[in-house]
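Novice: Questions regarding the structure given below will be posed in turn.
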Amino acid sequence: MSTQRLRNEDYRDYSSTDVSPEESPSEDLNSFSSPGSYQRFGESNSTTWFQTLIHLLKGNIGTGLLGLPLAVKNAGILMGPLSLLVIGLVAVHCMGILVKCAHHFCRRLNKPFVDYGDTVMYGLEATPISWLRNNAHWGRHTVDFFLIVTQLGFCCVYFVFLADNFKQVIEAANGTTTNCHNNETVILTPTMDSRLYMLAFLPFLVLLVFVRNLRVLSIFSLLANITMVVSLVMIYQFIVQDIPDPKFLPLVASWQTYPLFFGTAIFAFEGIGMVLPLENKMKDPRKFSLILYVGMAIITVLYISLGCLGYLQFGANIQGSITLNLPNCWLYQSVKLLYSIGIFFTYALQFYVPAEIIIPFFVARAPEHCELVIDLSVRTMLVCLTCVLAILVPRLDLVISLVGSVSSSALALIIPPLLEIATYYSEGMSPITIVKDALISLLGFVGFVVGTCVTLYELIQPSSAPIFVNSTSAFV
């Protein structure tokens, strides 16, 4: 990897989820031959509408999905699904805003593609305020910062997820049976602290991120997708059976826990980073808006159904990941291990985005003979950083809520509406649109502040100890 390539390589927004790096936008600008158009047709490596839909779906399935049953508990069995629906609609609307603004600047600047950071930078350059125009480059830096925080936050979540699931499987090994139908609570045999499990995973994840070849990473992506899909099918198969009477579950939970719901929900819905790369990669980008709305509708139904069914099945015993509530029989223990394997390999894909932003900064300033050493050293330090942060916040539900509140809310809710105002204000906007955008950004900002404060307070002074005994039903 030469210094010159690192200096000149344009960063592209991949997904904040599981879209593979090899699915990034094409760098070949020669294929752009229609002045004033953002669309490119007929590329040999372009994706069909079905492939794009699959990428969109798989890009939104991760640890956030498994944490939604606890999120519904924090909001209430009625308020939870309604709030998920509203947040889903608003998040999809913000994705549409980003696509619209990107198209606007592609036509205006005669560019084939602009990513999230470019779009925000060009939006600030279009404002009538001279200070914003002069400092427009900070728009790209801000997006890059939140992308780094979000992606490294996901990596922290993966550390906690792997530790919690492997710890439970190992501690329940002596009580694991082949009978998955008995509603019984299994007493776990204590082993080492979950933070020691995180340290045990550290060297393996360091070796994993040393893989810099995108085609090799795509193999890991395929393996992760297969294991996670199989695991999800098995989870749904279990939670739809013998659902307990929900009359004891609160319709609306305490307002004190609602910010935790918001953080987890926006963590799950924060897939806005993959929108522009997927649209640009299509053979016919004109169909992308329809695919975006159809795909996100499917994702929203998936989120609401798993969140509600998981909470209905396990009630107050629901944990930070629904996998921790599955029975201690070999079938569902294998589900935990399968999903954990998928998350393990997904770590490298999530790590790719911050690595492509951070590492070139250091390598470009190093002597040519030290480039590889600097590259691997920075990768090692970043993985160690995510491990240390995970050790400091070892509760899965809180680290998900914290990442969602701090960074996901900015990328998914706060920035896109402000971008629309900056882009179109000088060209004329209706007052209703301005008010709508301001309200969405205000919603995101309030969620950012309150969600972060409540999560940090819960970390410092937990209101209730996390549940570590898993059971197969809400009422055993």
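Novice: Of the residues that make up the stretch 429-440, is at least one at pLDDT below 90, open to solvent by 10 Å² or more (accessible area, probe 1.4 Å) and in contact with a Ser or Thr (Cβ under 8 Å, 6 or more places away or on another chain)?
Specialist: No, the stretch 429-440 contains no residue that is at pLDDT below 90, open to solvent by 10 Å² or more (accessible area, probe 1.4 Å) and in contact with a Ser or Thr (Cβ under 8 Å, 6 or more places away or on another chain).
Novice: Does Glu420 meet the test of being acidic (Asp, Glu), touching a residue at least 40 places away in the same chain (Cβ under 8 Å), surrounded by 24 or more Cβ atoms within 10 Å (Cβ to Cβ) and farther than 21 Å from Tyr158 by Cβ?
Specialist: The answer is yes for Glu420.
Novice: Moving to a separate point now. Find the residue count for the stretch 373-401, including only residues that are of a type in the set (Val, Ile, Thr), touching a residue at least 40 places away in the same chain (Cβ under 8 Å) and within 11 Å of Cys156 (Cα to Cα).
Specialist: Residues of the stretch 373-401 of a type in the set (Val, Ile, Thr): 373-374, 378, 380, 383, 386, 388, 391, 393, 399-400.
When the remaining residues are screened for being touching a residue at least 40 places away in the same chain (Cβ under 8 Å), the result is 380, 383, 386, 391, 393, 399-400.
Subset that is within 11 Å of Cys156 (Cα to Cα): 383, 386, 391, 393, 399-400.
Total satisfying the criteria: 6.
Novice: Please give the helices (runs of 4 or more DSSP H) falling wholly within the stretch 249-345 in which 1 or more residues are polar (S, T, N, Q) and modelled with pLDDT of 90 or more. Lay out the reasoning, then the answer.
Specialist: Details: elements: 258-269, 275-281, 288-314.
Correct list: 258-269, 288-314.
Novice: Condition first: closer than 28 Å to Leu278 by Cβ and open to solvent by 20 Å² or more (accessible area, probe 1.4 Å). Now tell me which residues in the stretch 289-337 satisfy that.
Specialist: Answer for the stretch 289-337, where residues must be closer than 28 Å to Leu278 by Cβ and open to solvent by 20 Å² or more (accessible area, probe 1.4 Å): Ser289, Leu290, Tyr293, Val294, Ala297, Ile298, Val301, Leu302, Ile304, Ser305.
Novice: While we're on this one: Is there a residue being of a type in the set (Gly, Ala, Ser) and at pLDDT 90 or above anywhere in the stretch 6-29?
Specialist: Within the stretch 6-29 (the criterion being of a type in the set (Gly, Ala, Ser) and at pLDDT 90 or above), the answer is no, since none of the residues qualifies.
Novice: Here is a further query. Scan the stretch 62-76 residue by residue and report those that are aliphatic (A, V, I, L, M) and open to solvent by 10 Å² or more (accessible area, probe 1.4 Å).
Specialist: Leu70
Novice: While we're looking at this one, here's another question. Which residue pairs have Cβ atoms under 6 Å apart, sit 6 or more places apart or on different chains, and have a first residue in the stretch 343-364 that is within 14 Å of Val209 (Cα to Cα) and a second that is in a helix (DSSP H, G or I) and basic (Lys, Arg)?
Specialist: Taking only residues 6 or more apart or on different chains, not a single pair turns up.
Novice: Taking Val383 as the residue in question, decide whether it is within 19 Å of Ala348 (Cβ to Cβ) and open to solvent by less than 40 Å² (accessible area, probe 1.4 Å).
Specialist: yes
Novice: Answer yes if at least one residue in the stretch 105-128 is of a type outside the set (D, E, K, R), open to solvent by less than 10 Å² (accessible area, probe 1.4 Å) and either free of Cβ contacts under 8 Å to residues at least 12 places away in the same chain or at positive phi (or both), and no otherwise.
Specialist: Looking for residues that are of a type outside the set (D, E, K, R), open to solvent by less than 10 Å² (accessible area, probe 1.4 Å) and either free of Cβ contacts under 8 Å to residues at least 12 places away in the same chain or at positive phi (or both), one finds none in the stretch 105-128, hence no.
Novice: With the requirement that a residue be out of contact with any Ser or Thr (no Cβ under 8 Å at 6 or more places or on another chain), in a helix (DSSP H, G or I) and in contact (Cβ under 8 Å) with a residue 40 or more places away in the chain, what does the stretch 74-88 give you?
Specialist: Correct list: Met79, Gly80, Pro81, Ser83, Ile87.
Novice: Residues of the stretch 242-270 being in contact (Cβ under 8 Å) with a residue 12 or more places away in the chain, surrounded by fewer than 16 Cβ atoms within 10 Å (Cβ to Cβ) and among the polar types (S, T, N, Q), which ones?
Specialist: Gln256
The values are calculated or read from the model by the stated rules, or taken from the named source; none is laboratory data. These numbers come from a predicted model, not from an experiment. Note: ideal-geometry Cβ built from the backbone for every residue, glycine included; neighbour counts use all protein chains shown. Heavy atoms of the whole protein, side chains included, go into the accessibility calculation; ligands, DNA and RNA do not. Shrake-Rupley method; radii C 1.70, N 1.55, O 1.52, S 1.80 Å.
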